[in-house]
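The values are calculated or read from the model by the stated rules, or taken from the named source; none is laboratory data. These numbers were taken from a predicted model, which means no experiment stands behind them. All Cβ positions, even for glycine, are placed from backbone atoms using ideal geometry, and neighbour counts span all protein chains on display. For accessibility, only protein heavy atoms count, side chains too; no ligands or nucleic acids. Shrake-Rupley method; radii C 1.70, N 1.55, O 1.52, S 1.80 Å.
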Amino acid sequence: MNQEPVLSWKVAGIALGLLMILATAVAKPLGVSTAYVNTDAMVTHTIAPDKAEANEYLSKYGEKNSWSIDYGWMLVIGIFFGAVVSSVVTKRFRARQNPSVPDMWQQNFGSSSQKRWLHAFVGGVLLLFGARLAGGCTSGHMMSGISQLTVGSFVFGIAIFASGIATAKYLYRGKKL
Amino acid sequence: MKLLLGLAIGMAFGAILQLGGASSYRKIMGALLLKDMAIIKLILTGIAVATVGVYALDLLDLANLSIKPTYLAGIGIAGLIFGVGFAVSGYCPGTCVAAAGEGKVDALFTILGGLVGAGLYAIMYPMFKGLISHSNYGQITFADVFGVDPLWLAVPFSAILLLLSFKLLKDNY
């Protein structure tokens, strides 16, 4: 099974850059993490509207689009369906031994799905907590922010790689790669 | 109409991430372990193309720029938290959505965790307002810092990123 990506980093990188330019021309720079807040805002507003409106952070985002979906939310839904299409067309859909556990993880940490799900979940909590505190994630801050030469986005980029590299080296200490 | 535009741009984004290997646990961890440079080179190339392109568009008054505020302490701490999540999950907020789209079940748990993390932040937001106003320099870019037209920085900056990607960074197995 060939595990190398379908596109080289050169082709994918240039395509990504062109897409970022297009997005900035027709709408705004690419960003993902706001859609998570928007989802939380919509769900909370559906279950308990008063609770959602009372929360300063949720209402800041919720009221802007009447507690409904917006351009940025559809963009994230698009990411999902774009990957469905490209992975099915190139026959890479679920291209792992176990759809829950990455092959590299399985070689080093075993085949337990629950253990992998727990790490994926906890990682997700930290990702979005950090992204919301920073005001953006890998796309909105690092890619879009740095390409607009935003000072804070350089700080964010350096910080995520500093702690990401340290954490990865710790997790894979003594492992054979 | 705006919603359909979002969907279309998102689909292109998701396809590029998936086809380029950015939604692959192995490629992301390879980058964070400083072994496999492909994802780093992909991101640097994308930023290089976009930096010149966006500021060239801006010259024609066609760019809808969105400069995020720079609050150094808060963003630094946020980045350190994010980085741990990046290495523990092997995904980021966008690539986990693309990974879920290619049938990776663990990525669904990262999305779920992300919804919980964003909710936790919404609950704790009042506690972080002080941190966000601390060392806050507002919407500044390096063009503002140096007092020059952005393209004077964009062109050499992009050239450095392309040099890194195409010449200097090598896989390290």
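Scanning the stretch B:25-63 for residues that are more than 7 Å from chain A (Cβ to nearest Cβ) and either at positive phi or not in a helix (DSSP H, G or I) (or both) gives B:D36, B:M37, B:L60, B:D61. Given the structure, is A:G124 part of a helix (DSSP H, G or I), buried (at least 24 other Cβ atoms within 10 Å of the Cβ), without any contact (Cβ under 8 Å) to a residue 24 or more places away in the chain and of a type outside the set (D, E, K, R)? Against the criterion (part of a helix (DSSP H, G or I), buried (at least 24 other Cβ atoms within 10 Å of the Cβ), without any contact (Cβ under 8 Å) to a residue 24 or more places away in the chain and of a type outside the set (D, E, K, R)), A:G124 qualifies.
Residues that are outside any helix (DSSP H, G or I) and more than 9 Å from every other protein chain (Cβ to nearest Cβ) were ranked within the stretch A:87-109; the one that is surrounded by the most Cβ atoms within 10 Å (Cβ to Cβ) is A:Q97. Evaluated against (1) open to solvent by 10 Å² or more (accessible area, probe 1.4 Å); (2) touching a strand residue (DSSP E or B) at 6+ places or on another chain (Cβ under 9 Å); (3) of a type outside the set (D, E, K, R), B:G74 falls short on exactly one condition, (1).
I need the full set of residues from the stretch B:107-139 which are open to solvent by less than 40 Å² (accessible area, probe 1.4 Å) and either in contact with a Cys (Cβ under 9 Å, 6 or more places away or on another chain) or free of Cβ contacts under 8 Å to residues at least 60 places away in the same chain (or both), in order please. Before the answer, list the steps.
Of the stretch B:107-139, the ones open to solvent by less than 40 Å² (accessible area, probe 1.4 Å) are B:107, B:110-111, B:113-114, B:117-119, B:121-122, B:125, B:128, B:132, B:135, B:138.
Selection gives B:A107, B:T110, B:I111, B:G113, B:G114, B:G117, B:A118, B:G119, B:Y121, B:A122, B:Y125, B:F128.
Tell me which residues, restricted to the stretch B:13-60, are hydroxyl-bearing (S, T, Y) and touching a Gly at 6+ places or on another chain (Cβ under 9 Å). Even if it seems obvious, please write down each step before you answer.
Within the stretch B:13-60, the subset hydroxyl-bearing (S, T, Y) is B:23-25, B:45, B:51, B:55.
Matches in the stretch B:13-60: B:S23, B:S24, B:Y25, B:T45, B:T51.
Counting only residues that are of a type in the set (A, V, I, L, M), surrounded by fewer than 21 Cβ atoms within 10 Å (Cβ to Cβ) and closer than 22 Å to B:K129 by Cβ, the stretch A:47-81 holds 1 of them.
So for the stretch B:11-24 (the condition being surrounded by fewer than 24 Cβ atoms within 10 Å (Cβ to Cβ), over 30 Å from A:N108 (Cα atoms) and in contact with a Leu (Cβ under 6 Å, 6 or more places away or on another chain)), does at least one residue qualify? Looking through the stretch B:11-24, at least one residue is surrounded by fewer than 24 Cβ atoms within 10 Å (Cβ to Cβ), over 30 Å from A:N108 (Cα atoms) and in contact with a Leu (Cβ under 6 Å, 6 or more places away or on another chain).
On the given criteria, is B:G101 within 21 Å of the chain's Cα centre (by Cα), on the phi > 0 side of the Ramachandran plot and crowded, with 16+ Cβ neighbours inside 10 Å? Talk me through it step by step, then tell me what you get.
Details: within 21 Å of the chain's Cα centre (by Cα): yes; on the phi > 0 side of the Ramachandran plot: no; crowded, with 16+ Cβ neighbours inside 10 Å: yes.
Against the criterion (within 21 Å of the chain's Cα centre (by Cα), on the phi > 0 side of the Ramachandran plot and crowded, with 16+ Cβ neighbours inside 10 Å), B:G101 does not qualify.
Restricting attention to the stretch A:9-49 and to residues that are in a helix (DSSP H, G or I), facing chain B (nearest Cβ under 7 Å) and of a type in the set (V, I, T), the residue that is farthest from B:T110 (Cα to Cα) turns out to be A:V26.
If you check A:L30 against the conditions, is it buried (at least 22 other Cβ atoms within 10 Å of the Cβ), in contact (Cβ under 8 Å) with a residue 40 or more places away in the chain and among the hydrophobic types (A, V, I, L, M, F, W, C)?
Numbers: buried (at least 22 other Cβ atoms within 10 Å of the Cβ): yes; in contact (Cβ under 8 Å) with a residue 40 or more places away in the chain: yes; among the hydrophobic types (A, V, I, L, M, F, W, C): yes.
Yes.
Every listed requirement among (1) more than 7 Å from every other protein chain (Cβ to nearest Cβ); (2) out of contact with any Asp or Glu (no Cβ under 9 Å at 6 or more places or on another chain) is met by B:L72 save one, (1).
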